[in-house]
Amino acid sequence: MKNDFALAFKQILDDRGLPQEIVMAAIEDAMVSAYRRAVHASSAQHVEAKIDPITGEVSISVEKEVVDEVQDHRTEVVLAEAQQVDPEADFGDMVIVESTPDDFGRVAAQTARQVIQQRIREAERDVQSSYYEKQVGDIVNGVVQALNAKQVSIGLDLKAEGIMPRRHQIPREFFRVHDRVRALLLEVQDTNRGPKIILSRAHPDFLRRLLENEVPEIYQGMVEIRSISREPGQRSKVAVAALQPGVDPVGACVGIRGVRIQTIVRELNDEKIDVIEWNPDPENYIAKALSPARVLSVYLEEHNGPKTATVVVPEDQLSLAIGRDGQNARLTAKLTGWRIDIKSLIEATSEVLFKVKNNHAYAYFLEAENEAIPQIEVLMKKKADGRPITPEDFQEMQSFTERVERGRIHRERDRKLEYERRLKDARQNIPAGTYDLPLLTLGFSDHINTLLADNLEVSNVGELMFAFNFDANAIREIDGIGPKAMEEIESALDLMKVSLAPAKVVEPTPVVEIKLAEEVVLSENEIEVQEEIVADVVDEAIDTVVKAEEKPDEAEGVELPATEATKPTDSTKKAGMPEEELPKSMEEIFKLKPEMLDAEENDSDDDESDKGKKRKKYVEVEYDPDRDVTIYRKKRKKSPTSWEQWNNNEEEWDI
């Protein structure tokens, strides 16, 4: 049967939820503190405490000096006792020996009680802090323990206590003691009294976690929550997108007959939730985000100031689009990240008509819409007089507004692109080193340098080059810079560009390969005729080349097509041969492949089976760069896969 110490030790572990090692270390530290307090030991002296977890017996080991005669039993020990612990101990050594007082158990129980409790509380706080820091951003369950006007105290696992301030509670939501509550673990703060755990039910991430728990498609990654805007207890908007084709993100979140979304609505104290499909197009996205209102058109303005979306809705949809106290428009702005300006069709048409007449940005449309403007004015007068307007009239006003606003947006976009193109062109061809050169480098007078610095705010050559390339008229319009000064500036900048331009790298001349002519499909009769023509031309070309080599004067007037192999070289030019009289390549002579150059000839050296058959021939032209000569070899077909030299004599010509 276990003794009282073992039972009490196990009860502490169960109640506190702490590991055995932490509680044991806390008790041992308390025993050390109790020993120091009981015998008034120095804090510099090494003291160890060991506890038997079964019997609860405590043993204290103290570091003492080995001496011949003990003067202070707290710090000294005789040699005989020291050698029982360490046989090699000698006088002057420090040895750790057991020094447990006789009545230490009772004394320790009285003096170490507070220390043990303090250490156990510290261990509890460390465990709670490390446990809940890992759960920040997740939903935790707890039980309401206390209520007041400022906050709600909720008991959590590991005997921790969470706090839900008033600003993190859903408005008009009331709790009672012992109610079970789910909340988002928002933050864990370390304090002297332990971790301070902040809980929230009003944070947008609480709605995000509820959707992840209730919608399996979101948890599995098939549907993604792109954005959430929420006003706790009143209304929320959630934008979702499908990450896999064939998945309806809105239907997955709502569930069959709204089962999934209704569970979340009840958890949030009947808070209305609008689930919309995210769209990469801002216009469609904003139009859907304003649901349940019906939107006619959306105009985006992102060039001047903050991003603004002007939304035009029908007259009867204006209050629905704005919402109670502007709630719908406010939530849409938070969800999309755009500033929302909602107007009715009548208001939007009236403003566009006024801008066309008075705003220079709309001056282009005054002439383009000269036929539609009188009709729109008549419709505006009808509305002002309270007369009824037909659906066709509303359609005409919408078309007018759409044409003008879309046209203005496109023109501004084109102007912006043109401006960016001019900036890009102005930055090109400016050497990088010019930005480190002051204006004095160009050699202008002090008067011109002062005018450029004051009016253009340039301080170096690179900035002046950019200003000149972007808008040279801005420099001409400076008071004090005339035509001569402008010429001087332009000449100096051109000279600077030339002096800093990188040297051109001469690339080697590419080697031109001689390609065979394309294959021509001919009949047998045509092939025979071509063979005779080619054979005559080849013989005539060879004779011409030989004559050109031996007697250049006799070869005048004979031209052959030139190739890389027979182009004139330095050696031929030095020899005095004109370029037009040089023997040229026979690439154009061989309009057919070697297979087409068949000559009907019997070879007596071949087998009898080959007699009477046509033997294919062709002339191989090779240029030897080492010897600077062109070699011509006559070859004929020996077998279907090999060729032999028809004439063993190789004819060579210097080129």
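Some notes on this structure:
- Residue in the stretch 98-105 that is part of a helix (DSSP H, G or I), outside the structural domain of Arg266 (by TED's automatic domain parsing) and of a type in the set (Ser, Thr, Tyr) present: no
- Among the residues of the stretch 155-169, those that are more than 12 Å from Leu184 (Cα to Cα) and assigned to a strand (DSSP E or B) comprise Gly155, Glu161, Pro165.
- Flag for Ala89 being aliphatic (A, V, I, L, M) and either assigned by TED's automatic domain parsing to the domain that holds Ile12 or at pLDDT below 85 (or both): yes
- Unique match (being closer than 24 Å to Tyr285 by Cβ, of a type outside the set (Val, Ile, Thr), modelled with pLDDT of 90 or more and under 37 Å from the mean Cα position of the chain (by Cα)) among Glu402, Glu347, Glu418, Glu412: Glu402
- Top-ranked residue of the stretch 262-281 - restricted to ones that are surrounded by fewer than 19 Cβ atoms within 10 Å (Cβ to Cβ) and in contact with a helix residue (DSSP H, G or I) (Cβ under 7 Å, 6 or more places away or on another chain), ranked as farthest from Asn141 (Cα to Cα): Asn279
- Restricted to the stretch 138-154, and to residues there that are in a loop (DSSP other than H, G, I, E, B) and of a type outside the set (S, T, N, Q), the residue that is nearest to the chain's Cα centre (by Cα) is Asp138.
- Here Phe400, Phe365 are screened, and the one residue that is within 29 Å of Leu320 (Cα to Cα), surrounded by 14 or more Cβ atoms within 10 Å (Cβ to Cβ) and of a type outside the set (A, V, I, L, M) is Phe400.
- Being at pLDDT below 95, surrounded by fewer than 20 Cβ atoms within 10 Å (Cβ to Cβ) and part of a strand (DSSP E or B) is a description that does not apply to Gln135.
- In the stretch 494-504, the residue that is surrounded by the most Cβ atoms within 10 Å (Cβ to Cβ) out of those that are part of a helix (DSSP H, G or I) and out of contact with any Ser or Thr (no Cβ under 9 Å at 6 or more places or on another chain) is Leu495.
- Looking across the stretch 138-150, just one residue is in contact (Cβ under 8 Å) with a residue 60 or more places away in the chain and surrounded by 17 or more Cβ atoms within 10 Å (Cβ to Cβ), and that is Ile139.
- Any hit, the stretch 405-419, residues being surrounded by 11 or more Cβ atoms within 10 Å (Cβ to Cβ), within 30 Å of Ser491 (Cβ to Cβ), without any contact (Cβ under 8 Å) to a residue 24 or more places away in the chain and of a type in the set (Phe, Trp, Tyr): yes
- One residue from Arg201, Arg180, Arg172 being in contact (Cβ under 8 Å) with a residue 24 or more places away in the chain, among the basic types (Lys, Arg), surrounded by fewer than 16 Cβ atoms within 10 Å (Cβ to Cβ) and at negative phi: Arg180
- Residue that is farthest from Glu212 (Cα to Cα), among those in the stretch 125-146 that are of a type in the set (A, V, I, L, M) and touching a Lys or Arg at 6+ places or on another chain (Cβ under 8 Å): Val144
- A search for C-beta distances below 8 Å between a residue of the stretch 270-289 that is touching a residue at least 60 places away in the same chain (Cβ under 8 Å) and any residue that is acidic (Asp, Glu) and crowded, with 21+ Cβ neighbours inside 10 Å, counting only pairs 6+ apart in sequence or on different chains, returns nothing.
- Subset of the stretch 1-47 [under 15 Å from Arg119 (Cα atoms), polar (S, T, N, Q) and at pLDDT below 80]: Gln20
- Close pairs from the stretch 320-349: first on the phi > 0 side of the Ramachandran plot, partner of a type outside the set (Lys, Arg), Cβ under 7 Å, at least 6 apart: Gly323/Ala329
- Residue satisfying condition, being in contact (Cβ under 8 Å) with a residue 12 or more places away in the chain, more than 28 Å from Asp274 (Cα to Cα) and of a type in the set (Val, Ile, Thr), within set Val215, Val188, Val223: Val188
The values are calculated or read from the model by the stated rules, or taken from the named source; none is laboratory data. Just so we're clear, the structure is a prediction, and the values are computed from it rather than from any experiment. For neighbour counting, all protein chains shown are included, and Cβ atoms are generated from backbone atoms with ideal geometry for every residue, glycine included.
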